Amino acid sequence: ASSDIPNFPEFVFVGMVDGVQMVHYDSNIQKVVPEQDWMKQTDAEFCEKERENLFYSKQSFKAEVATL
C-alpha cells in the first residue's frame, strides 16, 4: 500500500504460486489481471469475485492503517 505518491496505486496485490506471478490487481485499474496463460483461462466470474474481495481488502487495510 502507498499514500500520496503521484501516479502510483494506493493498493497493489500480486498473487504468486511457487515464486511465479499469476495475477495482479491495483487500485488504479480496479480489476484482476491474469499473468499466466493458465490463469487467463479462468472464467470472468472468478476474476470479478477476486476483484470484489481485493476492493474490500483495500478498504479494510486503509482502516487498519488509520487506526495505527
query: In the range 1-14, which residue that is at pLDDT 85 or above and of a type in the set (A, V, I, L, M, F, W, C) is most open to solvent (accessible area, probe 1.4 Å)?
result: Phe8
- line: Scanning the range 4-14 residue by residue, the ones that are free of Cβ contacts under 8 Å to residues at least 40 places away in the same chain, part of a loop (DSSP other than H, G, I, E, B) and not acidic (Asp, Glu) total 5
field: Residue check, Lys62 touching a residue at least 60 places away in the same chain (Cβ under 8 Å) and surrounded by 15 or more Cβ atoms within 10 Å (Cβ to Cβ)
entry: yes
- request: Mind listing whichever residues of the range 15-51 are open to solvent by less than 70 Å² (accessible area, probe 1.4 Å) and in a helix (DSSP H, G or I)?
  value: Met39, Cys47, Glu50, Arg51
- request: Could you please give the count of residues in the range 21-50 that are among the basic types (Lys, Arg) and within 23 Å of Phe61 (Cβ to Cβ)?
  value: 2
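The values are calculated or read from the model by the stated rules, or taken from the named source; none is laboratory data. Everything numeric here is computed off the predicted structure, so don't read it as measured data. Ideal geometry is used to build each Cβ from the backbone, glycine not excepted, and the neighbour counts take in all protein chains shown. Note: accessible area is taken over every heavy atom of the protein model, side chains too, but ligands, DNA and RNA are not part of it. Shrake-Rupley method; radii C 1.70, N 1.55, O 1.52, S 1.80 Å.
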